[in-house]
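Below is one structure, written out as structure tokens, with a few remarks after it.
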Amino acid sequence: MAEAGASGGGSGKKGGKTNKDREEEKLAISKRVINNELKFKDVTPNKRSGCWKKFQLVVTNDAEEKDTGFVHCRDCGVYSRNSGTSGLNRHECALVPSESNSTEGVVLVKVKAHPTAKNAVLDATAEFCASDLRALSIVEGDGFRALAQTLILVGERFGKVDVQDLLSSPKTIKRRIHELAETERADLYPRVQAAAEAGELGCTLDMWLEDSKKISIMTCNVCFPQLNVETNEWEAKTYVFFTEPFPKDQAKSAENLRAFIIKMFAERGIPENNLGKVCFVTDGEAALKNALSDWWREYCSAHAYNIVHTHTMTVAPRDFQSLPPRAEAIAKQVEEVVADLRKLRTGKLGKAAISQVKLVFPKSFARSNCVSFVSDNILKIREALTKAKATNSLLILNDLHLGNLVSLKTYMKDLEEAVGRIGHTSGSALPAVLNLTKLRDSDTDFMREIRLHLSANENILVLRVLHLRDSCNGLVSYMKATGQMEDLTTSLKPYMEVRWNSFHRMLESIQKVYTELLAFFERKNQGLNEKDRITKLEAIDKDLLDDLICLLTPMKVESELLQAKYSVTASLPLVSYHKLRAAYSPQESDTSVVRVMRARLFRELEQVVKVTMTHKLATFLEPSFRSFRNLLTEEEKTKVHDVARELIAELGPADPSPDDPATAEEEALPPPTKRQKSDPYAAFRDEIVPVGPIGDKVKAYLDEPLGEHDLQNPKPLAWWSRRAEKFPRLARLARRYLVVPATSAESERTFSDAGWTLNKRRKNLEMGVLDDLLFLHCNFKEKIRTKLQRLR
């Protein structure tokens, strides 16, 4: 956002200073503002020019308030020399219509584009995209449209201008990006510092590995309450705080990560002693978790749900080692014999032969090796045990049913081979395992017992789900590889293990176009013999696909609600957890597969998801959830209330007495508004509480009137801002706990943006420029949209 006519790409001098000198001068001013050496001051009323409504003076941050000779634009944040109204009116923000009656600016009259002009721009845009190989969607960006609108206004005001003179060089743009970022930081950092000091700051931390340079990059997003000047209510705002590379020469140990985090925050004005007041939300990465162990840390709820899903969909070879009673008895007898042989190490078997019993496959199949070893060497083993006079082992060996031993050996080897396929494509093990469950005419009672026992193993049903997953992924890969994806009304989504809800997304994409896929393969297979038929779709169990979508939808919905970007989510983990417990409780109508999967989801949910006191306090401080309806027992509620009272006592002076008429007076509540959409948490919100007698502290809050508006449009921080005078310390607690993000999704979004910014074509992009770009991209969007509206 350069000043019109003052930031060309050349290095010509004006007043003895180059453009670079002037940029460095502005940057120095920006840094002094960040360090609280300078501050902004509104212009005195005697300055009548309309441009002064857009600028503030930059003065020293002391009693004298000495003028530095610089001004600060309220709209775009750029610093400029105070060169008088004529110079300031050339600033780009002065090119837009103003409420002022001054005629120094341009009065923009909006007119509809002429078809000829529109076609000319269309041709130029097409040529631009083709010439520079830019994405066609570039014209939809607010930034691009703001640039185009600015160029139109500059042309209207200054006439025909050579674009070479108007546009700046990449280096100049880079410097201006840094200046804009520093300006935004000068505005943001003091607010973050104040929030950290007050203990009202939530942070998400995460790291990712940049592929081309193999650099580990840490990103931090901050969330804190701030006052909306238009509504005079608090709201939670989230910003990118930093995106910095971790030193390549250091191991990512907990100690080094902790030192790096302390350094990053200290450079931004937050000392180490204030980090203990900050709530960090991270995933379960061990080193990062240990680095934050002495501070306030919460686990990302979305990551927890992803782990629940992953564990539910995971089977291992050990899950199939169970045997029926008779087979289990033989296996244990064989293990006792082998244990004695290992102790003896005598006889013709020798040490080398006995060592073959050691583990050569998964640990769960060590007994398979034992059974094979004894079955293959039974005569030599009997001879060695006789010479060693190992009476107990000889008795065991003589009691063994050799036919059953051989049958068990064959079965265990076949099962070992079948489940050996379990891994990245676990579903491929299903046909082999199912084959072992089939009863044969030649089976003895012993083998029939083994096969029936295996067929009752619930993990076979999980393999059916994994087989469906692999078949669906194969279908997606086939459609993409053959170029058939474009013929579908909705593209198919592949399964990606690291993406949250990826399995559900893939199943849902297939369900949407299933009829189209049926028609496609019917045409494809027409005239082909059975051997050449394409069976990608036939391998998919449509009924199971539909059942799994219904089963996984509650977790997907809750995960997305917890990742909401523009609303308070701190109070949702407790409510979400109880909703999922109800969703995954047993249901009579379930099929056998769904019954097992629902039970596994419920079990993993209980084991993995931990609702902490932070979540409970945040739920308590959300007015519509404050009574924990359908959430906690009376004992658990009392515990939360006691903790809240302890925290209130730590905050200092007592609240004003609720008996004081000034505080007991009923406050005007906003009128009820029409509910815009169904509330997914309506079953857990409080009932309407009418105005009545008010108790004391926590009791007074619980008895505070709660209207229909508060239930239908819950905005907890806004609710507390209207009652800050009545409950000052509870309001402070609300600001502290309600700004804690439920997930680290903000950092994940930053990673996604970074992936678009730092790619193979831009791998030489400096890390400092990446930090500036992401900082502005994520924190500057509202200003860009506002500016675009003004320009229009």
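Charge dipole of segment 239-285 (Cα centre as origin; +1 on each Lys and Arg Cβ, -1 on each Asp and Glu Cβ, all else neutral): 100 debye, rounded to the nearest 20. For segment 104-212, applying the loop criterion from DSSP together with a ceiling of 13 other beta carbons within 10 Å to the trypsin sites (Lys or Arg not before Pro) yields Lys110, Lys112, Arg134, Lys160. Computed 3J(HN,Hα) for segment 123-135, one whole-Hz value per residue from the Karplus formula 6.51 cos²θ - 1.76 cosθ + 1.60 where θ = phi - 60°, is 4, 5, 5, 4, 5, 4, 5, 6, 5, 9, 6, 9, 4, glycine and proline marked x. The string of couplings for segment 585-594 from the Karplus curve (6.51, -1.76, 1.60, θ = phi - 60°) is 6, x, 10, 5, 7, 5, 6, 4, 5, 5 Hz, one whole number per residue in order, with x for Gly and Pro. When the alpha carbon gyration tensor of segment 544-600 is reduced to an equivalent ellipsoid, the three semi-axes, largest first, read 26, 12, 6 Å. Pairwise Cα distances in segment 115-168 exceed 19 Å in 36 percent of cases.
For the residue pairs Lys639/Lys715; Lys118/Lys781; Lys438/Lys536; Lys289/Lys480, the C-alpha atoms sit more than 29 angstrom apart in Lys289/Lys480.
Each of Met485, Met555 has some number of other Cβ atoms within 10 Å of its Cβ, and from fewest to most they run Met485, Met555. Here the dipole of segment 113-252 is about 460 debye; that uses its Cα centre as origin and unit charges on the Cβ of Lys and Arg (positive) and Asp and Glu (negative). 3J(HN,Hα) couplings calculated from phi for segment 534-541 with the Karplus curve 6.51 cos²θ - 1.76 cosθ + 1.60 (θ = phi - 60°) are, in sequence order, 8, 10, 4, 7, 5, 6, 9, 7 Hz; Gly and Pro show x. Among the trypsin sites (Lys or Arg not before Pro) within segment 434-542, those in coil by DSSP and having at most 10 neighbouring Cβ atoms inside 10 Å are Lys438, Arg440.
Sorted from longest to shortest, the spans of the Cα atoms of segment 463-563 along the three principal axes equal 51, 29, 22 Å.
Rounded to the nearest 0.05, the FRET efficiency derived from the C-beta distance between Glu766 and Thr386 at R0 = 51 Å is 0.05. Taking other C-beta atoms within 10 angstrom as a stand-in for reagent exposure, Thr238, Thr591, Thr633, Thr314 fall in the order Thr633, Thr591, Thr314, Thr238, fewest first. For segment 492-626, what class follows from the C-alpha gyration tensor (a ≥ b ≥ c being the square roots of its eigenvalues): rounded when a/c is under 1.5, otherwise prolate if a/b is larger than b/c, else oblate? It comes out prolate by the Cα gyration axes.
Values quoted throughout were computed directly from the atomic coordinates according to the rules given, and no laboratory measurement underlies them. Quick caveat: nothing in here was measured; it's all calculated off a predicted structure. When we count neighbours, we look across all protein chains shown, and the Cβ atoms used for this are built from the backbone with ideal geometry, even at glycine.
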